[in-house]
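Data first, discussion second: the structure below is written as structure tokens.
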Amino acid sequence: MKVSAEQPKIIVVGSSSIDLVLNTSFHPEPNETVIAQKSETFFGGKGANQAVGTARLGASTFFIGCVGMDPYGQQILRNLVDENVNVGFVHEDLDHATGTAYVTAAHGKNAIVVVPSANYCLEPKHLESAERFFSTADLVLTQLEIPMNVVEKTYEFAKKYNKKLGIYASPAARISEEILDYASFIVAKSNELSIIFGEESREKILRKYPNKLFVRDDANSTIYHNGSEMKYHRNDPEDMPNKMGMGDAFTSGFSIALCHGNEVDDCVKFGNDVSLKVAQKRGSQTGLPKLKDFGL
């Protein structure tokens, strides 16, 4: 992958949370109690993950989100600042707690319950105060752990200033054709395509969005259509203690490669490489790499 002399400027509009992980022997069934071997706490939220991911990879990253005015919110803000992410446009909500995710981890699979709380208090008006930064950004990133009207406002600003727009379409929701058509790239999970795009075959959906839609699965595999054929990239980790945040890591790596002017195939390869690094450590942000980890 080539790296230009220019430092990319990226705006991430999205969620942040504290992830509370319970490590168990198996996932409990209804009316069943299990004993956890240990509990762990990590920084998470798809937006914050991508903000940290792009910042570690050398971008000047601005994060627009919402946290509660509570200890978790302060921890998240401190962590983002420590990761060189600009938090000047993170709204602090007086009436709602910071978002949390409760994760039961067993046999390499996660059962996750997300409590959005303050993340759902993010409003279009919070983006308006940061509008001037959209005019100078190289790329705008968003995900779907925030209200859809905020995603729509993000699209409006990206379009107004003719900026690249990347969407990690997770958790899956229907997105307007207008936004899908404008987006520079869309990352989606293989088992959620029907929710986002409707009941068509995966191949037909991929053909409809050549070099734009990148479909991921749990094996660190990415598939897309390049306009003439299907393309596959897969990095099977020898050891995968963590599957959380792999999609965010891929999106971060892809975004950085795209900002440096790389071809789509190289962007996908780099995204997979970044995702592989994350899978080797616990927590969505712990294993996020820096450019020097790839000799760049």
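The values are calculated or read from the model by the stated rules, or taken from the named source; none is laboratory data. Not measured: the values here are computed from a predicted model. Heads up, the Cβs are rebuilt from the backbone with ideal geometry, glycines too, and the neighbour counts pull from every protein chain shown. SASA here: full protein model, heavy atoms, side chains in, ligands and nucleic acids out. Shrake-Rupley method; radii C 1.70, N 1.55, O 1.52, S 1.80 Å.
Set side by side, the residues 183, 158, 257, 173 differ, and just one is out of contact with any Leu (no Cβ under 7 Å at 6 or more places or on another chain) and modelled with pLDDT of 95 or more, which is 257. Checked against (1) within 14 Å of residue 12 (Cβ to Cβ); (2) part of a loop (DSSP other than H, G, I, E, B); (3) out of contact with any Lys or Arg (no Cβ under 7 Å at 6 or more places or on another chain), residue 137 meets all criteria but (3). Residues that are of a type in the set (D, E, K, R) and either at pLDDT 95 or above or touching a Ser or Thr at 6+ places or on another chain (Cβ under 9 Å) (or both) within segment 186-203 comprise 189, 192, 200, 202, listed in sequence order.
Here residue 110 meets the list (1) outside any loop (DSSP other than H, G, I, E, B); (2) in contact (Cβ under 8 Å) with a residue 60 or more places away in the chain; (3) open to solvent by less than 10 Å² (accessible area, probe 1.4 Å) almost entirely, failing just condition (3).
Could you check residue 232 against (1) surrounded by 16 or more Cβ atoms within 10 Å (Cβ to Cβ); (2) in a strand (DSSP E or B) and say which number it fails? Only one criterion in (1) surrounded by 16 or more Cβ atoms within 10 Å (Cβ to Cβ); (2) in a strand (DSSP E or B) is unmet by residue 232, namely (1).
A search for C-beta distances below 6 Å between a residue of segment 179-191 that is assigned to a helix (DSSP H, G or I) and any residue that is of a type in the set (Asp, Glu) and open to solvent by 50 Å² or more (accessible area, probe 1.4 Å), counting only pairs 6+ apart in sequence or on different chains, returns 190/217.
Flag set for residue 296, criterion: at pLDDT below 95 and open to solvent by 10 Å² or more (accessible area, probe 1.4 Å). Considering 47, 58, 53, the condition of being outside any strand (DSSP E or B), open to solvent by 10 Å² or more (accessible area, probe 1.4 Å) and either in contact with an Asp or Glu (Cβ under 9 Å, 6 or more places away or on another chain) or at positive phi (or both) is satisfied by 58 alone. Looking across segment 262-287, just one residue is open to solvent by less than 40 Å² (accessible area, probe 1.4 Å), in a loop (DSSP other than H, G, I, E, B) and modelled with pLDDT of 95 or more, and that is 262. Taking every residue in segment 75-102 that is within 25 Å of residue 21 (Cα to Cα) and pairing it with any residue that is among the acidic types (Asp, Glu) and at pLDDT below 95, at least 6 positions away or on another chain, the pairs with Cβ-Cβ distances below 7 Å are 101/19.
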